[in-house]
1. Show that you can apply the helix-only estimate: for the chain, add -39,500 (n - 2.57) for every DSSP H stretch of four or more residues, divide by all residues, and state [θ] at 222 nm to the nearest 500.
2. Share of antiparallel DSSP beta bridges in the stretch 50-281, in percent to the nearest 5?
3. Restricting to bridges with both residues inside the chain, how much of the DSSP beta-bridge set is antiparallel, in percent to the nearest 5?
4. At what distance in angstrom do the alpha carbon centres of the stretch 135-186 and the stretch 26-98 lie from each other?
5. If each of residue 15 and residue 58 carries a label point 7 Å out from its Cα toward its Cβ, how far apart are those two points in nm?
6. Can you tell which of 272, 117, 51 shows the greatest fluctuation in a Gaussian network model of the chain with Cα springs below 10 Å?
7. What FRET efficiency would be calculated for the residue pair residue 161, residue 217, taking the C-beta separation as r and a Förster radius of 45 Å, to the nearest 0.05?
8. Running Debye on the stretch 50-281 with equal point scatterers at the Cα sites and no solvent, what base-10 log of I(q)/I(0) appears at q = 0.12 Å⁻¹?
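Throughout, read-outs are computed from the coordinates displayed, never taken from laboratory work. Model, not experiment: these values are computed from the prediction. Using ideal geometry, Cβ is built from the backbone for each residue, glycine included, and neighbour counts are taken over all protein chains shown.
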Ligand SMILES: Cc1ncc(COP(=O)(O)O)c(C=O)c1O
């Protein structure tokens, strides 16, 4: 006999990732001996840089296994502060930096501190799907802005004006974006921050893919304003997804609330992971990371024209992250079915647009170039055969 099912109302709104069905199928195919090329995975294929692994092992050996303060290890906060100075010539006081369990922890903290049930939060569609679900958990209301190739799949002030209501408290941006890999320009960012401030709202910028930018000079929104929340993480550029460390930089007046909430939500981020993360900023590690950035760029430069040659539309060349959000409407009118068919018939796993929102998702698929060059070439060959058949 099973007990009663007690289920919070918000659980109805929270959607699972559709790609999980595809992933389960891909795993089954692999177990059956089929070759699968994974282009659905949103994490670097590279292992964590060796100096970071060594620092993590040493941390464990030295017994760095107790809690840190909820705001994080002081030397890591200082090191991140120095990083902003060295890399972006921007001064960020260490006491405005709070270490979190990944960008996920940072997003949860920031949104929880800022919004009440019924408040509205603007976000881009397509966008990172967890944000919407976090808002449902808080009883807040996502205001999705349909973004298109003509604005680089990014929110602009003009688009904000079209959706603005008095209940909007937060504008949540991501640059580079998941799933589109597109960036917001510095001028665009400045005007959004200015607009939101004028409306009494605050901007959160997710910079988790910072560092992974191609062709252009990267920047941080902190160069523009100290009155915003900036989210970052060791997951992507630093290749530390499984370590679960990230950070958030907040305006000074939020420090106490963020600290209080961190204590209550998760006490602190993993201590050995925080100690290991110190090694992420060593010159030797940064050299490895820059080399990897070059490899990602090389893969992008191969894949964009190759996919265009197969009939995918890529109107905006992605300049960041490791994603290509490709228009497949010339090949199918149902991207979810397309992903299923491609997986079944070719063993290439990609993510359907459905996972990123409601803005014409049937038209798009996301390719992650988180696999080696020869695998990418093989994937393109298989797709060519599939499309031509
Ligand atoms: C845009 C964006 N934000 C946040 C996250 C969460 O990352 P993590 O918690 O590993 O730092 C991800 C992960 O894919 C992401 O794509």
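1. Per the formula, -13000 deg cm²/dmol.
2. Numbers: 8 of 26 bridges.
Roughly 30 percent of the beta bridges in the stretch 50-281 run antiparallel, per DSSP.
3. Antiparallel bridges: around 45 percent, rounded to the nearest 5.
4. Here the two parts' Cα centres lie 27 Å apart.
5. 4.6 nm
6. Between 272, 117, 51, it is 117 that shows the largest mean-square fluctuation.
7. Given R0 = 45 Å and the Cβ-Cβ separation, E is 0.95.
8. The Cα Debye sum returns log10 ratios of -0.63.
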